[in-house]
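To keep things clear, I will list the structure first and then write my remarks on it.
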Amino acid sequence: MKRILVTGSNGLLGQKLTDLCLYDPEIELIASSKGPNRHPLRMGYIYEEMDILDPMQIQRVVEKFHPDTIINTAAMTNVDACESDKENCYKLNVETVKSLIGICEQNNIQLIHLSTDFIFDGENGPYTEDDLPNPLSYYGQTKLEAEQLLKESSCRWVILRTIIVYGIVNDMSRSNIILWAKGALEKGSPISVVDDQWRMPTLAEDLAECCLLAAKKNARGVFNASGKDMLSILELVKKVAEYWKLDQSLIKAISADSLNQTAKRPKRTGFILNKAKNELGYNPRSFEEGIAFVDAQLKAISESK
Ligand SMILES: NC(=O)c1ccc[n+]([C@@H]2O[C@H](COP(=O)([O-])OP(=O)(O)OC[C@H]3O[C@@H](n4cnc5c(N)ncnc54)[C@H](OP(=O)(O)O)[C@@H]3O)[C@@H](O)[C@H]2O)c1
């Protein structure tokens, strides 16, 4: 039996982790997030309100439940907001990791932390775990700094790097590219999509699975944990339109430069997944399988209403 504390459990990955842990007899889950629980199921696990900006709150929860593993999914994940609000981005993406490391070191807890392809500049993707980072955005810089803190620490750490996480959960605080594209095209709204950036999008369930594999195998080190298909953002959105039979003529290809986004984005990221496949048994779905998975969940949600 493993006792796992999840931070940020109201988020996309956090809720998927809750779903997986609930049906795993080998896991006892303590879910935690800022504010009240937004997961629709309330039975079979413990929920504690925990703001990870406050180290005392983390300490209190750890002393109360003695977890074997902490999976840290809480972060400031909006890349442009990080660029314009550096102070809060640093607090949430770096200082909280410092607090978690201290508590995990003192209590011999495995710390699984989520990182990103945005630590790379996108000139040489797909990347291995050992390639040299060079972040272009403040978000990427803070995620890299957190990785460095973990690598210098004496706790049992795991870094799982991922890319564009998509899926659907209850009461989401932010959307993702699949839901955004589907929603806009269904309304008949024209959308502009970049055709000169490439990614390997990740189904949130696959990433949650990878977190649990790392916990169960007592893994240590850095692992790439994305989806397995490399697509330009334009190709990705076209596949969404194709799957749901939406009007592709509404999609206009543009270059990233013309968007003038606050934060710079890498051109081609993507990950080589051999390490996670071989050492953890990670086996992500294809992008088409991922969309079909989300579709089945959307249908189940609309039938339950
Ligand atoms: N999503 C992606 O495309 C992507 C790509 C690469 C890497 N990642 C990494 O993957 C991880 C999980 O991402 P995600 O998509 O699941 O993010 P998410 O949906 O934004 O979830 C993060 C959760 O953390 C919660 N949170 C924020 N501040 C908190 C605090 N002070 N204390 C406790 N909880 C707090 C948020 O609460 P509220 O909902 O109430 O705001 C949110 O529920 C992050 O580390 C992210 O950097 C994500």
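The values are calculated or read from the model by the stated rules, or taken from the named source; none is laboratory data. Model, not experiment: these values are computed from the prediction. Here the Cβ is made from the backbone with ideal geometry for all residues, glycine too, and neighbour counts use every protein chain on show. Accessible surface areas use protein heavy atoms only, side chains included; no ligands, DNA or RNA. Shrake-Rupley method; radii C 1.70, N 1.55, O 1.52, S 1.80 Å.
For region 84-93, taking the residues that are of a type outside the set (Asp, Glu) and surrounded by fewer than 19 Cβ atoms within 10 Å (Cβ to Cβ), the one that is nearest to Lys267 (Cα to Cα) is identified as Ser84. Among the criteria (1) open to solvent by 20 Å² or more (accessible area, probe 1.4 Å); (2) in a helix (DSSP H, G or I), the one Asp229 does not fulfil is (2). If the condition is being more than 9 Å from the ligand (Cβ to nearest atom) and surrounded by fewer than 17 Cβ atoms within 10 Å (Cβ to Cβ), then region 21-36 contributes Leu22, Tyr23, Asp24, Pro25, Glu26, Pro36. The residues in region 56-83 that are without any contact (Cβ under 8 Å) to a residue 60 or more places away in the chain, over 26 Å from Arg265 (Cα atoms) and surrounded by 15 or more Cβ atoms within 10 Å (Cβ to Cβ) can be counted, and the count is 5. Every residue in region 76-114 that is touching a strand residue (DSSP E or B) at 6+ places or on another chain (Cβ under 7 Å) and among the aliphatic types (A, V, I, L, M), please. Listed by number, the residues that qualify are Val97, Leu100, Ile101, Ile109, Leu111, Ile112, Leu114. Filtering region 84-135 to residues that are among the aliphatic types (A, V, I, L, M) and touching a residue at least 24 places away in the same chain (Cβ under 8 Å) leaves Leu92, Val94, Val97, Leu100, Ile101, Ile103, Ile109, Leu111, Ile112, Leu114, Ile119.
Arg42 meets all of the listed conditions (1) out of contact with any Lys or Arg (no Cβ under 7 Å at 6 or more places or on another chain); (2) modelled with pLDDT of 95 or more; (3) open to solvent by 20 Å² or more (accessible area, probe 1.4 Å) but one, namely (2).
Leu53 passes every criterion in (1) open to solvent by 30 Å² or more (accessible area, probe 1.4 Å); (2) within 14 Å of the ligand (Cβ to nearest atom); (3) in a strand (DSSP E or B) apart from (3).
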